[in-house]
Amino acid sequence: MKVLIILFAIFTSDIAFAELLKPNPALKPIEVISIQLNALKDNNNPYLNAGVAQTWEFSHPSNRKYTGPFENFVKMMYTPSYIIMINHTDHNIIYVSDRDFIIHFFVEITNKEGNKFGFTWTLEKVITESKFKDCWMTTAVSQPLPLAKSA
């Protein structure tokens with residue numbers, strides 16, 4: 001029976017990882033941010049840190065050089081600056097500007113305690129030949145800016 005449980009856990013884990021949305025040239029920048037934020041909002045569904053894994057999927061190759069490998073990215077997401085995003089209760093995405101292949105948004109996030117924070121979220125279209133060519137991916141997320149404290 002233990003072998004069956006272990007095999008089931010391994011099998012379902014592989015299925016869960018396979019369900020991550022992948023960068024796709026058809027996705028618009030607002031959709032990329034929405035995918036990331038909605039995943040982080042329910043971070044541990046369907047498995048532990050699924051939201052962080054989904055966010056990593058849309059991390060631009062140039063960003064991965066600084067935040068990767070994935071295990072380091074997970075640790076970074078649990079630092080005081082970014083844990084705000086983990087299991088947040090609400091978010092609002094506001095277009096700021098774009099030029100060439102770079103677009104900026106301001107993201108308001110309400111954390112689990114009801115405090116509001118703002119982040120500048122930058123996406124860049126991958127223009128180099130790679131499996132991500134023509135995909136919008138996150139290149140930077142600022143440190144949080146406190147916006148409001150809960151009562």
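Figure legend. Inter-residue proximity from the stretch 104-130: first residues at pLDDT below 95, second residues of a type in the set (Val, Ile, Thr), beta-carbon distance below 9 Å, spacing 6+ or different chains. Indicated pairs: 112/84; 112/86; 112/89. In the stretch 7-26, is there at least one residue being of a type in the set (Gly, Ala, Ser) and at pLDDT 95 or above? Scanning the stretch 7-26 turns up at least one residue that is of a type in the set (Gly, Ala, Ser) and at pLDDT 95 or above. Is it the case that residue 58 is touching a helix residue (DSSP H, G or I) at 6+ places or on another chain (Cβ under 6 Å), under 21 Å from residue 150 (Cα atoms) and in contact (Cβ under 8 Å) with a residue 24 or more places away in the chain? Considered against the rule, which asks whether it is touching a helix residue (DSSP H, G or I) at 6+ places or on another chain (Cβ under 6 Å), under 21 Å from residue 150 (Cα atoms) and in contact (Cβ under 8 Å) with a residue 24 or more places away in the chain, residue 58 comes out as no. Taking (1) more than 24 Å from residue 22 (Cβ to Cβ); (2) within 13 Å of the chain's Cα centre (by Cα) in turn, residue 76 satisfies each apart from (1).
The values are calculated or read from the model by the stated rules, or taken from the named source; none is laboratory data. Quantities reported herein were computed from a predicted structural model and do not represent experimental measurements. Every residue, glycine as well, gets a Cβ built from its backbone with ideal geometry; the counts of neighbours run over all protein chains shown.
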